[in-house]
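Report on the structure given below.
The values are calculated or read from the model by the stated rules, or taken from the named source; none is laboratory data. Values in this document were obtained by computation on a predicted structure and should not be read as measured data. A quick note on method: Cβ atoms are made from the backbone with ideal geometry, for glycine too, and the neighbour counts reach across all protein chains shown. Accessible surface is based on the protein model in full, side chains and every heavy atom, while ligands, DNA and RNA are left aside. Shrake-Rupley method; radii C 1.70, N 1.55, O 1.52, S 1.80 Å.
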Amino acid sequence: MHQPVDFVVAIPARYAASRLPGKPLRLLGGKPLVLRVAERALLAGARGVWVATDDVRIADALHGLDGVQVAMTAASHASGTDRLAECARQAGWSDDTVVVNLQGDEPFAPAEGIRAVAEALVYSGADMATLATPVEDAETLFDPNVVKVVRQQNLDALYFSRAPIPWHRDAFAHSRERLSGPHWLRHIGIYAYRAGFLHQFAALPPGTLEQLESLEQLRVLEAGHRLSVALSPAAFPPGIDTPEDLARAEDWLARREIDGGTAVA
C-alpha cells in the first residue's frame, strides 16, 4: 500500500473560450463551473488549491470558498501550462512540489482520480503523469475530438493521437463498427508534474507533432521526457467544451438529484 502523496491542485481558468465564451462562469446546477471544479479539488485532499485566471469575475466567483486561492495571471498566455507556470511562481512552490493540473471544465472529476494522477507521478518516477480509461465503443474510438493514447510496457506513453490508435489492421479491414479486445485507451486530460518540470515544460518550444495533432502533451514526448499513463480508478465524465456539453451535464446532475444521488466523489 502506497503512502498518501502530498500535492497541490492548480486549475487554469481562462474567461475567453471559442466554443463556450465565459465558460468558467457558466452555471451548472446554479453554481459557476469553476466553483464546482474547485470543490472537486478540495474533496481530493490537496494541500492547496489554486485557480489561475485572467479575469477578476472568475476570482469573484470563488470568493469565500475556504481553501482556494486565486492567482491573477496574464491574459496573453498561449496555454494552460503557461498560465500554471506563472501561478507556480506566484505561489512560491518549490521545484519538488507535486502539482496536479485539473482542467477548469471538469466539474465531475472524481476525487480518487485526482489523487491517482499525483500518485502515478511520484511512484513512476516519470517527469509527468496523466490518466486514461478504456475505450468501449467504436464511435468514441473514431471521434477525432477524443484523444487516444498508446502505452509502453512500463506504462509510459508511446504516443497520443486524435486518430484511432493502435490501428487493428485485420479487424478494421472487415468492420469499423465493433471493437474486439482491450486495445484502446481514451486519454483523460488531467496532468501531474513537479513544479520544476512545469517551468521546464512551459519553456519548451512547441513541437511538430504537437502542432499537427493540436495536442500539447506531445511536446513532452518529442523532447524525450517520460510521461506515465495510469488507468483512472473511477469514471471521468467528459469535460464541458460546448453549450451541448453543458446541457448534458445539467441533465445528468438533475437526474442524480432526483435519484437521491450525489456528485461523483
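Using a 1.4 Å probe on the protein heavy atoms, what percent of the accessible area of the chain belongs to carbon and sulfur? Don't jump to the answer; show the numbers that get you there.
Values: 6510 of 12840 Å².
Of the solvent-accessible surface of the chain, carbon and sulfur hold 51 percent.
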Taking every pair of distinct Cα atoms and averaging 1/r, then inverting, what Kirkwood hydrodynamic radius in Å comes out for segment 161-222?
14.2
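For the chain, what are the DSSP H helices with axial Cα length of 30 Å or more and mean Kyte-Doolittle hydropathy of at least -0.5? Before the final figure, lay out each step's value.
Working: long enough: none.
Membrane-span-like by this rule: not one helix.
With the cut-off at 19 Å, report for segment 114-240 the share of all Cα pairs above it, as a whole percent.
For segment 114-240, the share of Cα pairs beyond 19 Å comes to 49 percent.
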Using all Cα-Cα distances in segment 53-197, what percent lands in each 10 angstrom bin from 0 up to the longest?
10, 32, 31, 19, 7, 1
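Counting pairwise Cα distances across the chain, what percent come out greater than 27 angstrom?
On the way: 12957 of 34980 pairs.
Cα-Cα pairs in the chain separated by more than 27 Å: 37 percent.
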Once you put a point 7 Å from the Cα of His63 and another 7 Å from the Cα of Leu27, both along the Cβ direction, what distance in nm separates them?
1.8
Would you calculate the separation in nanometres between label points at Tyr123 and Ser214, each defined as 7 Å from the Cα along the Cα-to-beta-carbon direction?
3.6
What is the antiparallel percent of DSSP beta bridges lying wholly in the chain, to the nearest 5?
50
Taking every pair of alpha-carbon atoms in segment 18-116, what share in percent sits in each 5 Å bin, from 0 to the bin with the longest distance?
2, 12, 23, 27, 22, 10, 3, 0
Note to self, the chain gives a 222 nm [θ] from helices alone (DSSP H runs n ≥ 4, -39500 (n - 2.57) apiece, / all residues, nearest 500) of -9500 deg cm²/dmol
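What is the gain in length, in nm to one decimal, between Phe142 and Glu112 on full extension, counting 0.36 nm per residue of separation less the C-alpha to C-alpha distance?
Values: separation 30, 0.36 × 30 = 10.80 nm, distance 2.83 nm.
Contour length minus the Cα-Cα distance gives 8.0 nm.
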Two decimals is fine: what is log10 I(q)/I(0) at q = 0.15, 0.30 Å⁻¹ for segment 133-191, from a Debye sum with one equal scatterer on every Cα and no solvent?
-0.41, -1.42
Gain in span if fully extended, Asp170 to Leu231, counting 0.36 nm per residue against the direct Cα distance:
19.3 nm
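Relative contact order (percent) for segment 106-265, with alpha-carbon contacts under 8 angstrom and 6 or more residues of separation?
Working: 241 pairs, mean separation 58.2, N = 160.
The normalised contact order for segment 106-265 reaches 36 percent.
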The size of the Cβ-based charge dipole (Lys, Arg +1; Asp, Glu -1) of the chain about the Cα centre, to the nearest 20 debye, is 60
With charges only on Cβ, +1 for K and R and -1 for D and E, what is the dipole size of segment 18-91 about its Cα centre, in debye, rounded to 20?
280
